[in-house]
Every structure is written in C-alpha cells, then in structure tokens.
Amino acid sequence: MTNEPFTIAQMRPIRDGMTISRPARLGEAVPVTWFSLGSGTSITPESYDCTTVYVGAEGTGTFLMGAEGRPAPLGPGQLLLVPPGTLCGVRTDAGDIYTEIIVKKELIMTDLIHAGQPTELKNLISYEEGSIANLDVAHTDNMKFVLMAFDEGTGLTPHRAPGNAILTALEGKAIIGYEGKDYELNAGE
C-alpha cells in the first residue's frame, strides 16, 4: 500500500481473460477489495448476508441482480448498493475496475441512494460558492461514506480522525496534506 495518490488500475490493471482481486488491507471491520476484470470475463452471482457497496473506477461492468439476473450497468464514479441476501454477479465486455465494500453492520444511508440502482455520485452533491459541501451517503457505527465538494480556494484545516480513509477525486484536482507532505489528487485517483 502506498501513501502516494494512485488509481486502482495502477494497483490492479486489466488483464485479458483474467479476473483479479486485491484486498485494500484497510482493516478487518469493513473489508474493501479492488477488482479488475478483463474483457469478456465475469464473476458468477453470489450473495452476502450483509450489504455490499460497489464503486466503479474504470471501464464498465454489468452487475446481474437477483435470481432473474436484472442488469445494472456500473461505470466510473457510480455507486451500486446491493442489499443482504441478494444474488449479484458481474460481467464485462471491454474490461472493468471497481471497489467492493462489504458492510458487516447495519447500514444507514441517505434516501438519495436506491438499492440495486447505479447512482452517479457527482450528481448527488453540488459546489456551493466559497464553501465546502458535505453529504453523508451511508454509515455504520464504524464506517462513513461521505461526498464532499470543495469550491475553488476552499480547504479543510489539518486535522486527525480515527480509522482509515479512502479519498477518490471524482472530478478536478486537490492538494491533500498527509503526515506533513502534500500530494496532488486528480480525477480518477
């Protein structure tokens, strides 16, 4: 794992004919795994006893929902929430990279997200002049998924928070200070 900005494609590039997964190793409480599916590959439908969240990073995959295999296309910057006990598989024609987050506790989410329907994350929040906007998408007692929109020239005061954080830029770029060093974070990283 690195403290430098990266794309999931750099960690798990698409390989023809292969499905590759890599645990993010951010802790045991909320398992996070990065997936890369080569063109023409698939993952057979399976179900978890808890909520699963998928976040598209690169390419496009079609998630197959329920016993009937209802298609739910997922692309970069989109989120798909799969309820407990729901069969879910994925297939891709051209390649797909995404993050899987397994939420072992009760998930409380905004009513802007509808289970089984892909949601374009950047459409959930807006820039507010001279301000930082926050939107709590979902949370448990040990995990929080938040969207933030920073208007040009705004920023957070350096601070510390318990636990791990995954930062993903959906658009634009930002400077992130971490352990005394600045890192440029660009869309897709």
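Taken over the stretch 99-108, the criterion of being under 28 Å from residue 19 (Cβ atoms) and either out of contact with any helix residue (DSSP H, G or I) (no Cβ under 8 Å at 6 or more places or on another chain) or exposed (fewer than 14 other Cβ atoms within 10 Å of the Cβ) (or both) is satisfied by 100, 101, 102, 103, 104, 105, 107. For the stretch 68-93, residues that are under 11 Å from the mean Cα position of the chain (by Cα) and among the hydroxyl-bearing types (Ser, Thr, Tyr) total 0. Among residues of the stretch 118-129 being of a type in the set (Ser, Thr, Tyr) and open to solvent by 50 Å² or more (accessible area, probe 1.4 Å), the one that is nearest to residue 101 (Cα to Cα) is 126.
One line per residue, one yes/no per condition, for (1) of a type outside the set (Val, Ile, Thr); (2) open to solvent by 70 Å² or more (accessible area, probe 1.4 Å); (3) at pLDDT 85 or above; (4) on the phi > 0 side of the Ramachandran plot:
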residue	(1), (2), (3), (4)
131	yes, no, yes, no
140	no, no, no, no
145	yes, no, no, no
158	yes, yes, no, no
166	no, yes, no, no
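The rows are residues; the columns are (1) acidic (Asp, Glu); (2) in a loop (DSSP other than H, G, I, E, B).
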residue	(1), (2)
106	yes, yes
113	no, yes
116	no, yes
122	no, no
153	no, yes
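Please work out which residue is farthest from residue 80 (Cα to Cα), limiting yourself to the stretch 107-139 and to residues that are over 17 Å from the mean Cα position of the chain (by Cα) and charged (D, E, K, R). Checking each candidate, the answer is 129.
If you go through the stretch 1-59 and keep only what is in a strand (DSSP E or B), of a type in the set (S, T, N, Q) and open to solvent by less than 30 Å² (accessible area, probe 1.4 Å), you end up with 33, 36, 51, 52. From the list 8, 20, 14, the one residue that fits, being among the aliphatic types (A, V, I, L, M) and touching a Lys or Arg at 6+ places or on another chain (Cβ under 6 Å), is 20. Please work out if residue 82 is open to solvent by less than 20 Å² (accessible area, probe 1.4 Å) and in contact with a Leu (Cβ under 6 Å, 6 or more places away or on another chain). Answer is no for this residue. Restricting attention to the stretch 168-183, the residues being in a strand (DSSP E or B) and open to solvent by 80 Å² or more (accessible area, probe 1.4 Å) number 5.
The values are calculated or read from the model by the stated rules, or taken from the named source; none is laboratory data. Since the model is a prediction, treat every value here as computed from it, not as a measurement. Here the Cβ is made from the backbone with ideal geometry for all residues, glycine too, and neighbour counts use every protein chain on show. Surface accessibility is based on the protein's heavy atoms, side chains included, excluding ligands, DNA and RNA. Shrake-Rupley method; radii C 1.70, N 1.55, O 1.52, S 1.80 Å.
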